[in-house]
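Engineer: I am attaching a structure below and will ask some questions about it afterwards.
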Amino acid sequence: WSLERLRHSMKCVNSCLNASQDHDDLFDRLKQAVIDEAMSRHKWEPKANEVLRVIQLNTLEDRNCRDKHAWDAAVKFLENSVKEELNATEKSISNLIGPGTKDRWMYWKYSTEEQDKRYAVKRELDKILNSNYKHGNVLTQDELTTIRENLLRSGVTVDNEFIKDTWNPVYRRHFLKQSLARAYDCRRGFYLYHEGLETECNDVVLFWRIDQMLKVTANALRQQVMNREAQRLDKEIKQVLEEFSENSEIKEKLLTGKRVTLAEELKRVKRIQEKLEEFIQALNKEKMDERR
């Protein structure tokens with residue numbers, strides 16, 4: 001991941017240079033080839049991974065959130081994460097059961113036969129969750145039988161696997177809504193937690209630990225890039241440039257364009273002029289020798 005970020009940074013820097021007003025496109029292909037070759041050779045310093053792992057583990061060991069601001073940030077982090085998962089789950093359920101009443105009336109959308117069955121199963125599952133708010137993540141055999149029988153009376157025939165497939169996203173949404181409700185309650189839970197009183201805010205503490213770990217990880221990676229990887233990459237780029245400078249075939253391939261062609265023509269003309277001057281000097285010398 002860190003190496004990919006380094007590659008991305010190199011790409012961004014090169015793009016910015018190419019977009020500048022005084023940019024010269026003569027060396028574009030050469031620069032890109034040097035960057036690609038240097039990055040293909042570059043390997044993240046091995047010991048850095050072990051150091052980072054130790055830093056992360058030490059940070060995760062701290063289980064005591066001492067600051068109200070950090071607590072609020074962790075609650076926000078938890079809420080945003082749960083909302084993101086909840087939105088994805090809602091879309092998944094919507095795809096399973098088909099368009100709702102509004103979409104059917106306003107946009108003339110229709111559901112398939114399978115979606116109608118999914119919707120019927122979902123209604124039965126919602127009844128179970130509404131009657132038992134703390135229901136576990138697995139349906140009992142009796143519940144599966146009851147659902148099948150209820151649907152059969154409505155003319156809908158499904159098997160247990162069909163019900164379980166529908167149950168997974170439905171229960172996930174139920175679980176995420178519970179988690180989000182607890183997160184809202186924990187907005188005011190810091191002082192209770194700080195006093196050591198019983199709260200249902202373990203999720204907040206977990207996300208605080210994760211947030212702290214992400215911060216120290218980002219800082220460690222930034223320091224590694226600035227203090228070590230950038231210097232090592234700079235040496236590798238210089239080495240690639242030196243190798244390319246000694247390879248005529250690569251230079252001919254990468255340095256192309258009208259100016260390169262013109263420079264080559266001028267070089268040839270200069271050589272011809274030098275040969276011509278040498279020839280004229282030789283003739284003049286021969287004439288002088290004859291006169292003597």
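The values are calculated or read from the model by the stated rules, or taken from the named source; none is laboratory data. All values reported here derive from a predicted model rather than from experimental measurement. Heads up, the Cβs are rebuilt from the backbone with ideal geometry, glycines too, and the neighbour counts pull from every protein chain shown.
Engineer: Going through region 59-112 one residue at a time, which ones are farther than 16 Å from Leu206 by Cβ, modelled with pLDDT of 90 or more, out of contact with any helix residue (DSSP H, G or I) (no Cβ under 9 Å at 6 or more places or on another chain) and of a type outside the set (Asp, Glu)?
Structural biologist: Result: His69, Asn87, Ala88, Lys91, Ser94.
Engineer: Could you list all residues from region 136-178 that are more than 27 Å from Leu86 (Cβ to Cβ), in a loop (DSSP other than H, G, I, E, B), among the polar types (S, T, N, Q) and without any contact (Cβ under 8 Å) to a residue 12 or more places away in the chain?
Structural biologist: Thr157
Engineer: Name every residue in region 223-240 that is at pLDDT 85 or above and either surrounded by 14 or more Cβ atoms within 10 Å (Cβ to Cβ) or within 22 Å of Leu30 (Cα to Cα) (or both), in order of residue number.
Structural biologist: Those that are at pLDDT 85 or above and either surrounded by 14 or more Cβ atoms within 10 Å (Cβ to Cβ) or within 22 Å of Leu30 (Cα to Cα) (or both): Gln224, Arg228, Gln231, Arg232, Asp234, Lys235, Glu236, Ile237, Lys238, Gln239, Val240.
Engineer: Hey, can you tell me all the residues within region 184-204 that are at pLDDT 90 or above, assigned to a helix (DSSP H, G or I) and surrounded by 18 or more Cβ atoms within 10 Å (Cβ to Cβ)?
Structural biologist: Once the filter is applied, which keeps residues that are at pLDDT 90 or above, assigned to a helix (DSSP H, G or I) and surrounded by 18 or more Cβ atoms within 10 Å (Cβ to Cβ), region 184-204 yields Cys186, Phe190, Val204.
Engineer: Oh, and also: Has region 49-57 got any residue that is under 30 Å from Leu176 (Cα atoms), within 25 Å of the chain's Cα centre (by Cα) and at pLDDT 90 or above?
Structural biologist: The initial filter retains those residues of region 49-57 that are under 30 Å from Leu176 (Cα atoms), namely 56-57.
This time we only want the ones that are within 25 Å of the chain's Cα centre (by Cα), so: 56-57.
Narrowing the set further to residues that are at pLDDT 90 or above leaves 56-57.
Checked against the condition, which is being under 30 Å from Leu176 (Cα atoms), within 25 Å of the chain's Cα centre (by Cα) and at pLDDT 90 or above, region 49-57 yields at least one hit.
Engineer: Now a separate question. Cβ contacts < 6 Å: first residue assigned to a loop (DSSP other than H, G, I, E, B), restricted to region 42-63; second residue hydroxyl-bearing (Ser, Thr, Tyr), any location; separation 6+ or different chain. Result?
Structural biologist: Pairs that qualify, where the first residue is assigned to a loop (DSSP other than H, G, I, E, B) and the partner is hydroxyl-bearing (Ser, Thr, Tyr), are Trp44/Ser2.
Engineer: A further question follows. Being of a type in the set (Val, Ile, Thr) and over 15 Å from Leu96 (Cα atoms) is the filter here; which residues of region 112-157 pass it?
Structural biologist: Of all residues in region 112-157, those of a type in the set (Val, Ile, Thr) come to 112, 121, 128, 138, 140, 145-147, 156-157.
Of everything in region 112-157, those that are of a type in the set (Val, Ile, Thr) and over 15 Å from Leu96 (Cα atoms) turn out to be Ile128, Val138, Thr140, Thr145, Thr146, Ile147, Val156, Thr157.
Engineer: In addition: Given the conditions (1) among the aromatic types (Phe, Trp, Tyr); (2) at pLDDT 85 or above; (3) part of a helix (DSSP H, G or I); (4) more than 33 Å from the chain's Cα centre (by Cα), report the number of the one that Tyr133 does not fulfil.
Structural biologist: With respect to (1) among the aromatic types (Phe, Trp, Tyr); (2) at pLDDT 85 or above; (3) part of a helix (DSSP H, G or I); (4) more than 33 Å from the chain's Cα centre (by Cα), Tyr133 is out only on (3).
Engineer: For region 182-193, what are the residues that are within 29 Å of the chain's Cα centre (by Cα) and among the hydrophobic types (A, V, I, L, M, F, W, C)?
Structural biologist: Scanning region 182-193 gives a single hit, Ala183.
Engineer: Right, here's the next one. Is region 93-114 home to any residue that is surrounded by 13 or more Cβ atoms within 10 Å (Cβ to Cβ), free of Cβ contacts under 8 Å to residues at least 40 places away in the same chain, in the same structural domain as Lys164 (by TED's automatic domain parsing) and hydrophobic (A, V, I, L, M, F, W, C)?
Structural biologist: Looking for residues that are surrounded by 13 or more Cβ atoms within 10 Å (Cβ to Cβ), free of Cβ contacts under 8 Å to residues at least 40 places away in the same chain, in the same structural domain as Lys164 (by TED's automatic domain parsing) and hydrophobic (A, V, I, L, M, F, W, C), one finds at least one in region 93-114, hence yes.
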